[in-house]
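Structure record follows, encoded as structure tokens.
The values are calculated or read from the model by the stated rules, or taken from the named source; none is laboratory data. Every value quoted in this text rests on a predicted model; they were computed, and no experiment measured them. Methodologically, a virtual Cβ is constructed for each residue, glycine included, from the backbone with ideal geometry; neighbour enumeration extends over all protein chains shown. Just so you know, the surface numbers come from the protein's heavy atoms only, side chains and all, with ligands and any DNA or RNA stripped out. Shrake-Rupley method; radii C 1.70, N 1.55, O 1.52, S 1.80 Å.
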Amino acid sequence: MKLSKKNQLKVTGLIAVLLLAGVIFFFTYYQVDEVQVMGSSHYSEKQIKKMVLRGPMASNSVLAPLIYTKKNTKDVPFVEGYTVTRLNRHTICVSVKEKDIVGCIPYLDSYIYFDRNGTFIESSTERNEKIPFFDGIKVKHVIYNEELPIKDKMVMNTAVALSTIFQKKDKIPDHIEFSDDGQISLLYGDITVKLGKDEYLEDKMTRVLAILPLISDKKGILHAENVNDNSKMITLEQ
């Protein structure tokens, strides 16, 4: 059935109006009013939203999961990837998968971040205060995604063990130092903690962290080098 040009224009206009109405309804009905963030310890919710949800489609709960989900990302430090899911028509959730970083060391004018295998996985000119900082672990060169070239492998094992303890106790020191003879020192404000060598670390740190709140107004050296199965003595040298 042939239509006159006038009728064709009417039909075309009607279709355009219906399509426009459908688009308006789609974006209004699935308008995002709430964004939840899960799995991020390095960045605030506000920072994650700004990093991930960039663009007008972020306001639609159907399109956002399709457009903004990234399994691998290089533009967000410390983040391996993120998934955007729709919880309901007005709410989406950004689930962040962070890189498995356990510590960092100084290298040239940057900080090198490594995982529990000693692999270099991130670098930055700024230090992340939530990640243990180790001084005394020296490297001559580094290669991204490769193991840090450290002669004494036990030093890295000690760093990983300490990092695990710090995260479990939620008490990261300002500074961790390894001396050439294997002695470990921690800095908590005005208190320097002497742990000695890599022995009874869990026991030493449990006792040290129980004492630190009691001496927060003091300055000095907390000696925990001699803690073992037979001795639990820790002394403060002011």
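Rg and Dmax of region 12-76, both derived from C-alpha coordinates alone, stand at 15.6, 53 Å.
Over all orientations, region 94-204 has a Cα convex hull whose mean projected area works out to 7.8 square nanometres. The 3J(HN,Hα) values that the Karplus relation (6.51, -1.76, 1.60; θ = phi - 60°) gives for region 152-164 are, in residue order, 8, 5, 5, 4, 5, 4, 5, 4, 5, 5, 5, 4, 4 Hz. Gly and Pro appear as x. Evaluated with a Cβ-only charge set (Lys, Arg +1; Asp, Glu -1), region 19-79 carries a dipole of roughly 280 debye about its Cα centre, given to the nearest 20. Our coupling estimate for region 109-118, obtained by passing each phi through the Karplus curve with A = 6.51, B = -1.76, C = 1.60 and θ = phi - 60°, is 10, 10, 10, 9, 9, 10, 9, 6, 9, x Hz, Gly and Pro reported as x. Loop-located GluC sites (Glu not before Pro) in region 103-175 (DSSP state other than H, G, I, E, B) with a sparse environment of at most 14 neighbouring Cβ atoms within 10 Å: GLU126, GLU129, GLU146.
Neighbours of SER59 by Cβ distance under 15 Å: Lys/Arg scored +1, Asp/Glu scored -1, total +3.
Above 26 angstrom, tally the Cα pairs of the chain and express them as a % of all pairs, no decimals. That tail contains 56 percent of the Cα-Cα pairs. A straight Cα-to-Cα reach below 16 Å connects LYS219 with the aspartates and glutamates ASP174, ASP190, GLU237, residues fewer than 8 places away in its own chain not being considered.
In the complete set of protein chains, residue-level accessible area for MET38 is approximately 110 Å², probe 1.4 angstrom. Cα-based values for region 163-238, radius of gyration first and Dmax second, are 11.5, 31 Å. Ellipsoid semi-axes for region 129-169, based on the Cα gyration tensor and the rule √(5λ), read 20, 12, 9 Å when sorted largest first. When peptides 132-141, 155-164 are ranked by their average number of other Cβ atoms within 10 Å per residue, the highest-first order is 155-164, 132-141.
Amide hydrogen proximity for GLN36: with H placed 1.01 Å from N in the peptide plane, the residues at 5 or more positions away or on another chain lying under 5 Å are ILE92, CYS93, VAL94. Counted by Cβ distance under 14 Å from TYR30, the other residues give a net charge of 0, where Lys and Arg count +1 and Asp and Glu count -1. Other residues whose C-beta falls under 14 angstrom from the C-beta of LEU87 contribute a net charge of 0, scoring Lys and Arg +1 and Asp and Glu -1. From its DSSP helices (H runs of at least four residues, each -39,500 (n - 2.57)), the chain gives a residue-normalised ellipticity at 222 nm of -9000 deg cm²/dmol. Accessible surface comparison of VAL37, VAL193, probe 1.4 Å, protein chains only, largest first: the order is VAL37, VAL193. Close amide H contacts of GLU98 (hydrogens built in the peptide plane, cut-off under 5 Å, sequence separation of 5 or more or a different chain): GLU80.
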